[in-house]
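Here is the structure we will look at.
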Amino acid sequence: MFDGVKKPILKVDDLKMHFPIFKGVFRRKVGEVKAVDGISFEIYEGETLGLVGESGCGKTSAGRAILRLYDISGGSIELNGQDISSLQGDELRRLRPEMQMIFQDPQASLNPRMTVASIIAEPLDEHKKLSKQQRMARVFELMDAVGLHRDFANRFPHEFSGGQRQRIGIARALALNPKFIVCDEPIAALDVSIQAQVVNLLEDLQEKFGLTYLFISHDLSMVRHLATRVAVMYLGKIVELAPRALLYSDPKHPYTEALLSAVPEPDPSSLNKRERIILEGDVPSPSNPPTGCNFSTRCPRVMDICKKEVPEFKQLDDGRHVACHLMD
Amino acid sequence: MPDGAAPILDVSDLKTVFTTRGGEVHAVNSVSFQLAPGELLGVVGESGSGKSVTMMSLIGLLPMPPAEIRGGQVMFEGHDILKMTPAQLRAVRGRKIGFVFQDPMTSLNPVFTVGFQVAEPLRRHMGMRKKQAWKRAAELLELVGIPDATARLSDYPHQFSGGMRQRVMIAIALACDPQVLIADEPTTALDVTIQAQILELVRELRQKLGMAIVWITHDLGVIAGIADRVMVMYGGQIVEQAPVRELFANPQHPYTRALLETLPSVTGARSKRLKTIEGQPPALGAHPTACPFRARCRHVMDVCHEQNPAITTLDAGHDVACFWDATTGEARHV
């Protein structure tokens, strides 16, 4: 990290993303799924913020809302100092080159009828006016950058393996020289031996092009490898946000603790040393969250106050943020 | 066998071939292994390594054609499962050998109640009456830790969460007290905290019921925490087999070694850069005449391109199929 003043590239304040539930013949609105329910954080230039949580905790919705793929329900998003939370149409479109996304499933996010070259060039066609030669030159440049052989430019996605398809998706995301990329579980669909290849590529590209990542994942060990800071989400809220080393060595929120202890370690001799915390029950429904702290229904250290009052997301002395009544 | 007990399941030289439009696909190539009573055997490998197909072929769950079992023997209680008639096979499958599949969403029938589905094997195999089976089904759900079991019997699968559905699947597999349970990636579709619950449950059930388990996974972390012995598969073959601590402490095959090195961890030292295994897993095609890992191997030698290495048994029940000797760093002297 750079010393001195850290410049936030993205500022999210009390972001809310609620999806309405419609029912009956008249499609009346009967409730809301509070996928993201008031999250706040900043991402500094050149860093990787890891966003972790289990399925249904709202991490993907948060990523998509930040890129304004949704109309958000509340709060604000600032990219490079510009408020983008209510931009529409053309204004928003002009901002797209600045922020891009790498999707989870490289099979589903690539059009099977387009060649690799046309997939990678699509953002260029949409946003830039390039001559044919310039366009091909840029495509080759991108293919080189992500380690795809130039000969493959006219092939179709089905001719590639999962790892190579993810490289195509990465090349497309890089096409417009974005500064900020949301990586939504980019390695979850890949085999273990291929995951490391893609993660190393993401790190190389970050260094080369000065990228800033929001890395969304459920894989805590990979996030530990990649992230500068880590935010842990549970049921639409961030429960803990801390620098990587601090979070993994000394988790403060009971959910972070339980989550870390649940990750199976590839070392049979560590079994007896580590204390396992087995959480009871399942994650409550985000359309009907519990009153008070969202984690109070499963928390091993629940107190009376947790069931009544929502804990505040506040900063501790060591710089991390935690939302838990135990910190009071 | 490490402890000398007679194996409950003895697979030798199993070969499974799929006939496709693009030619033959040799998915399982001469796989041999044994399962001791009460043992938990972990099977690791990447997608396409043949781990699921091996287990499906040995209990006759593959559609034939396109699949064809070209050879081998699967001995279970003195009989060769591969030679059984469909009726004989049905008497074994679900009764003496239980199966848990990866995806609990798709392996339960959405139009029947959970109680009906748990009671089904009891009525089919154990000859129980409806009432009796229903009562036993409630006990089984309780055994796998579903709260308020009796009331939940009349619920449908969609009313259960992913973790709860996987518990139901386990209850069905355990219904007839099987001697062998084959679990194919049973926790892969689940979240880590739910996975931890299921792993804890399996540990408990093993102590209570004492069946032998084959646990298929791609997650070495899960294997480390649960298995007694581990079998590593690559390209349709077993490349290494050892007791769990031995395998993690002293891996012999270059693939196993590389795989363990690529894994980041949540504890311990954090590496600056992840080690990778370059290249792609092999496409399974014709019967392999050379080592399937040769194109990605760090220690590849001339012989690896010419012959497929046979299994060498090292000490302590540690088998490896490789021409390279990890202890000396040179070609193995046989």
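The values are calculated or read from the model by the stated rules, or taken from the named source; none is laboratory data. Because the structure is a prediction, the values reported are computed rather than measured. As a convention, Cβ positions derive from the backbone with ideal geometry for all residues, glycine included, and neighbour counts pool all protein chains shown. SASA here: full protein model, heavy atoms, side chains in, ligands and nucleic acids out. Shrake-Rupley method; radii C 1.70, N 1.55, O 1.52, S 1.80 Å.
Structure notes:
- Against the conditions (1) more than 14 Å from every other protein chain (Cβ to nearest Cβ); (2) in contact (Cβ under 8 Å) with a residue 40 or more places away in the chain; (3) within 20 Å of B:Gly210 (Cα to Cα), B:Ala137 satisfies every one except (2).
- Among the residues of the range A:275-284, those that are at the interface with chain B (Cβ under 10 Å from one of its Cβ atoms) and not β-branched (Val, Ile, Thr) comprise A:Arg276, A:Leu279, A:Glu280, A:Gly281, A:Asp282.
- Taken over the range A:295-327, the criterion of being within 14 Å of chain B (Cβ to nearest Cβ), touching a residue at least 24 places away in the same chain (Cβ under 8 Å) and in a helix (DSSP H, G or I) is satisfied by A:Phe295 alone.
- Looking only at the range A:214-238, and only at residues there that are over 14 Å from A:Leu202 (Cα atoms) and more than 13 Å from every other protein chain (Cβ to nearest Cβ), the one that is most open to solvent (accessible area, probe 1.4 Å): A:Lys237
Let's see how each residue does on (1) open to solvent by 30 Å² or more (accessible area, probe 1.4 Å); (2) within 11 Å of chain A (Cβ to nearest Cβ):
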| site | (1), (2) |
| --- | --- |
| B:Tyr234 | no, yes |
| B:Glu246 | yes, yes |
| B:Thr289 | yes, no |
| B:Arg298 | yes, no |
| B:Asp302 | yes, no |
| B:Ile311 | yes, no |
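Residues checked against (1) in contact with a Phe, Trp or Tyr (Cβ under 7 Å, 6 or more places away or on another chain); (2) within 19 Å of A:Arg298 (Cβ to Cβ); (3) in contact (Cβ under 8 Å) with a residue 60 or more places away in the chain:
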residue	(1), (2), (3)
B:Pro157	no, no, no
B:Ser161	no, yes, no
B:Met164	no, yes, no
B:Ile182	yes, no, yes
B:Gln197	no, yes, no
B:Leu209	no, no, no
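- Check on A:Ser221, more than 16 Å from the chain's Cα centre (by Cα) and among the hydroxyl-bearing types (Ser, Thr, Tyr): no
- Note on the range B:182-202: residues that are open to solvent by 10 Å² or more (accessible area, probe 1.4 Å), hydrophobic (A, V, I, L, M, F, W, C) and not in a helix (DSSP H, G or I) amount to 2.
- Set side by side, the residues B:Ile69, B:Ile97 differ, and just one is buried (at least 20 other Cβ atoms within 10 Å of the Cβ) and not polar (S, T, N, Q), which is B:Ile97.
- Residue within the range A:170-193 that is without any contact (Cβ under 8 Å) to a residue 12 or more places away in the chain and within 14 Å of chain B (Cβ to nearest Cβ) present: yes
- Filter result for A:Gly63 (open to solvent by less than 20 Å² (accessible area, probe 1.4 Å), within 23 Å of B:Asp191 (Cβ to Cβ) and either touching a Pro at 6+ places or on another chain (Cβ under 6 Å) or within 14 Å of chain B (Cβ to nearest Cβ) (or both)): no
- A:Pro123 being farther than 24 Å from A:Glu54 by Cα and surrounded by fewer than 18 Cβ atoms within 10 Å (Cβ to Cβ): no
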